[in-house]
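The values are calculated or read from the model by the stated rules, or taken from the named source; none is laboratory data. Note that the structure is a prediction, hence the values are computed from the model and not measured. Neighbour counts run over all protein chains shown; Cβ positions are idealised from the backbone, glycine included. For the accessible areas, the whole protein counts, side chains as well, though only heavy atoms, and no ligand, DNA or RNA atoms are used. Shrake-Rupley method; radii C 1.70, N 1.55, O 1.52, S 1.80 Å.
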Amino acid sequence: MTMPTSTPGSVDSVARSVTQSTDPGAWRPTWVEVDLGAIAANVAALKAQAAAPRLMAVVKADGYGHGMVPAARAALAGGADWLAVALVEEGQTLRAAGVDAPVLVLTEPPPGAVGALLDARLTPTVYSPEFTAALDREARDRGGARVGVHLKLDTGMRRVGVPPAQWEDALRRVGAAEGLHLEGLWSHFAVADEPDHPFIAHQAREFRRGLALAASLGLRPEFAHLCNSAGTLHLHDEHHDMVRPGLAVYGLEPAPGLAGATRLRPALTWRSQLSFVKRVAAGEAVSYGLRWTAPRETTIGSVPAGYADGVTRALSDRGQVLLCGRRVPIAGTVCMDQFLVDAGELPVAAGDEVVLIGAQGDAAVTADDWAAWLGTINYEVVCGIGKRVPRRYLGP
Ligand SMILES: *Cc1c(COP(=O)(O)O)cnc(C)c1O
């Protein structure tokens, strides 16, 4: 017997369901709201207080979980001059979306990506002799204008970048490369978020030494840049030609109090709605492992978000969310797609709003609260919100 093509499970219906689910979780009431006006305002505030004339907004890692393309557009609307990404692929996505601003790729991709990088008109960071040579070769093969590159000096972070013993070689190599033009010179702080750390001054001095060395070789790059969010907020003597904030663009602080008088507005709110509500009796246990037992008769609410969405399992019996303008604890083990909260005697019903990160009435749960519960940093919290959670954008 042959099956009619409209039968559920047929190739047709599978194809149809694939087209329909382009918005992941379109029916499940769990979503992240991103206030693009906050991103634009944060960039404007960061730029207004900076000693540098230009600002490069870092939008890598899907705009720190906020959505790379909308975040990039909002940052540009707020006055960002440059964008920065970690990957060539991220830069390609920006270009495919029609974003035309200069984009710096912060690390060297494998040499095989050189063609794609140039096709997308991305600005490469260079530090290894091999990558610099591959780029120079490709640039010369293509003819046309020299490719502007930003040379990264390692001033003490010791992750990627030219080690101090090779600065002169690297500068001479880029200076002599016929396909390349030294447009930028930059470095990166290891401890800018610890304002009293003596290593900040060491790296700042090292960077100035690198700039002086370049000048002594007749190289005067247009853009010297050193400061991440923390440096942008409190190291005004080190801003050079451009600052390079990421986290603060999204309204978060690299360390508590670091923003000082600069008003940053968190752009992200993570919302959901109770999917199910029930009473449980004293002594009854809930969720996988039956690890949480009701100490009294209480109301348990189910929230349709789980570890597959970034509500990490380490929040089991530890995290809190907002319900009725109050903080309520997560009860028991966080599951893949759901978790439970102990609502006590709050008058709740299915459909009531739950805020995972953000404000509700006078109460708030922040990415910093999550970071404290999880022993991590707010950066990892926002980057960890899963792809399955739809992002909805509030206009600037
Ligand atoms: C991610 C990154 C930044 C932005 O850092 P924040 O602390 O988020 O401001 C700046 N520069 C480099 C090289 C980075 O990798």
Under a 1.4 angstrom probe, counting protein chains only, how are 253, 284 ranked by accessible area, largest first? 284, 253
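Using just the helices of the chain, give the 222 nm mean residue ellipticity in deg cm²/dmol: DSSP H runs with n ≥ 4 each add -39,500 (n - 2.57), and the total is spread over all residues, rounded to 500. Please list the in-between numbers first.
Values: 12 runs with 117 residues, N = 396.
Taken over the chain, the calculation gives -8500 deg cm²/dmol.
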Residue 352 to residue 318: FRET efficiency via 1/(1 + (r/R0)^6), r the Cβ-Cβ distance, R0 22 Å, to the nearest 0.05? 0.50
How many nm separate the modelled label positions at residue 194 and residue 101, each set 7 Å beyond the Cα in the direction of the Cβ? 3.2
Gained length - residue 77 relative to residue 220, 0.36 nm times residue gap less alpha-carbon distance: 48.5 nm
Rolling a 1.4 Å sphere over the protein heavy atoms, what is the accessible area per residue of region 144-283, to the nearest Å²? 43
Using θ = phi - 60° and the Karplus relation 6.51 cos²θ - 1.76 cosθ + 1.60, list the HN-Hα couplings for region 141-152 in order, rounded to whole Hz, with x at every Gly or Pro. 4, 7, x, x, 5, 4, 8, x, 10, 10, 7, 9
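Treat every Asp and Glu Cβ in the chain as -1 and every Lys and Arg Cβ as +1, leave all other atoms uncharged, and give the resulting dipole magnitude about the Cα centre to the nearest 20 debye.
Values: 37 positive and 42 negative charges, 55 e Å.
About 260 debye.
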Got a sec? What order do 226, 76, 36 fall in by accessible area at 1.4 Å, biggest, i.e. largest, first? 76, 36, 226
If R0 is 56 Å, what FRET efficiency do you get for residue 133 and residue 359 from their C-beta distance, rounded to 0.05? 0.60
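Can you count the Lys pairs in the chain whose Cα atoms are under 25 Å apart, with each pair 8 or more apart or on different chains?
Lysine pairs meeting the criterion: 4.
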In the chain, carbon and sulfur make up what percent of the accessible area (probe 1.4 Å)? 53
So, taking all protein chains as they sit and a 1.4 Å probe, how much accessible area belongs to residue 339, in Å² rounded to tens? 0
Backbone N within region 227-245 under 19 Å of label point (7 Å from residue 44 Cα along the Cβ vector): 245
Can you give me the solvent accessible area of residue 342 with a 1.4 Å probe, rounded to the nearest 10 Å²? 10
For 119, 62, write out the residues from largest to smallest accessible area, computed with a 1.4 angstrom probe and no ligands counted. 119, 62
Residues of region 289-313 with the amide nitrogen closer than 13 Å to a label point 7 Å from the Cα of residue 276, along Cα-to-Cβ, please. 300-305
Does region 50-250 come out rounded, prolate or oblate, given a ≥ b ≥ c as the square roots of the eigenvalues of its C-alpha gyration tensor, rounded meaning a/c under 1.5 and, failing that, prolate meaning a/b above b/c? oblate
Please check: in the Gaussian network model of the chain (C-alpha springs, under 10 Å), which one of 375, 301, 184 has the largest mean-square fluctuation. 375
With unit charges on the beta carbon (Lys/Arg positive, Asp/Glu negative), name the residue among 184, 201, 109 whose Cα is farthest towards the positive pole of the charge dipole of region 50-250. 184
Of 213, 386, 311, which is farthest towards the positive pole of the chain's charge dipole, taken about the Cα centre with +1 and -1 on the beta-carbons of Lys, Arg and Asp, Glu respectively? 386
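About the Cα centre, and with charges only on the beta carbon of Lys, Arg (+1) and Asp, Glu (-1), how big is the dipole of region 268-394? Nearest 20 debye, please. Please list the in-between numbers first.
Details: 13 positive and 13 negative charges, 58 e Å.
Once rounded to the nearest 20, the dipole reads 280 debye.
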